[in-house]
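Here is the structure we will look at.
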Amino acid sequence: MNDLGLFLGKFLKHGTAIASVAPSSRWLARATIGGVDWSTARVVLELGAGTGPITREIALQAHAGCRVLVVERDRDFVSLLRDRYSGRTNLEIIAADAREIGGLLADRGIESVDHVVSGLPVPSFAKTDQLALFRSLEGVLKPDGGYHQITELPLVYWRFYKRFFDRVAFVFEPRNLPPAGAYRCHGLKPGI
């Protein structure tokens, strides 16, 4: 089954837990990770990779000394990603829930991450899960680190992300189907 078929099937079965009817385009993937200084990045954490279009772009950009941790909870997506990236020694596919970030990083001896790239439908989460996610990031995202979030609802969630971050920028990508974009957030507010 191709990526689109697998993704669409998951969307039809799980709805907003998947957040999209199709994988992100390469244009949206590139827009999402835009602004990352790959020359200084040492640890990049991707949450909710799906079939891996953003993972692909991260893998193309990340230098050998940059550790990439990809967290995905769907078993089919995890299997597909592990097959695709089995030869990448600096890229690890982790079958887990994003709410386990702190423990996952601690188990690997990682204290902080430079950037978090998210394909998760965070605004669709229950409020307690939203808070739990951002609180877990507060402990690990470097003060100058970025949080990069894809969205298929351009600009709709700007105020949502502004509640959690001091600086929120939005990049629109009309070539994605449907047209979509990415939030690039910095300055995670303490004590959320």
Residue count for the stretch 42-72, restricted to those that are of a type outside the set (G, A, S) and either at pLDDT below 95 or over 17 Å from E100 (Cβ atoms) (or both): 15
Residue that is surrounded by the fewest Cβ atoms within 10 Å (Cβ to Cβ), among those in the stretch 153-170 that are among the aromatic types (F, W, Y) and in contact with a Lys or Arg (Cβ under 9 Å, 6 or more places away or on another chain): F170
Flag for G119 being surrounded by fewer than 14 Cβ atoms within 10 Å (Cβ to Cβ) and among the small types (G, A, S): no
Residue tally, condition among the charged types (D, E, K, R) and touching a residue at least 24 places away in the same chain (Cβ under 8 Å), over the stretch 126-162: 6
Complete set of residues in the stretch 157-181 that are closer than 24 Å to D144 by Cβ and either in contact with a Gly (Cβ under 9 Å, 6 or more places away or on another chain) or not aromatic (F, W, Y) (or both): R159, K162, R163, F165, D166, R167, V168, A169, F170, V171, G181
Complete set of residues in the stretch 149-184 that are among the aliphatic types (A, V, I, L, M), part of a strand (DSSP E or B) and out of contact with any helix residue (DSSP H, G or I) (no Cβ under 8 Å at 6 or more places or on another chain): A169
Cβ-Cβ under 8 Å pairs, at least 6 apart or on other chains, the stretch 106-120 side touching a residue at least 60 places away in the same chain (Cβ under 8 Å), far side outside any loop (DSSP other than H, G, I, E, B) and of a type in the set (S, T, Y): H115/Y147; V116/Y147; V117/T32; S118/Y147
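Let's see how each residue does on (1) buried (at least 24 other Cβ atoms within 10 Å of the Cβ); (2) of a type in the set (A, V, I, L, M); (3) outside any strand (DSSP E or B):
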{"position": "A29", "(1), (2), (3)": "yes, yes, yes"}
{"position": "A41", "(1), (2), (3)": "no, yes, yes"}
{"position": "E46", "(1), (2), (3)": "yes, no, no"}
{"position": "A59", "(1), (2), (3)": "no, yes, yes"}
{"position": "H63", "(1), (2), (3)": "no, no, yes"}
Every residue from the stretch 85-99 that is modelled with pLDDT under 95 and either outside any loop (DSSP other than H, G, I, E, B) or in contact with a Pro (Cβ under 8 Å, 6 or more places away or on another chain) (or both): A98, R99
Qualifying position, being at pLDDT 95 or above, small (G, A, S), farther than 20 Å from E57 by Cα and assigned to a strand (DSSP E or B), among G187, G109, G146: G187
Unmet criterion (only one of (1) buried (at least 23 other Cβ atoms within 10 Å of the Cβ); (2) not in a helix (DSSP H, G or I)) for L69: (1)
Filter pass, T128 being hydroxyl-bearing (S, T, Y), over 14 Å from the mean Cα position of the chain (by Cα) and farther than 19 Å from R184 by Cβ: yes
Qualifying residue in the stretch 105-121 (condition: closer than 20 Å to R30 by Cβ and more than 16 Å from the chain's Cα centre (by Cα)): no
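The values are calculated or read from the model by the stated rules, or taken from the named source; none is laboratory data. Small disclaimer: the values here were computed from a predicted structure and weren't measured. Cβ: placed from backbone, ideal geometry, glycine included. Neighbour counts: every protein chain shown.
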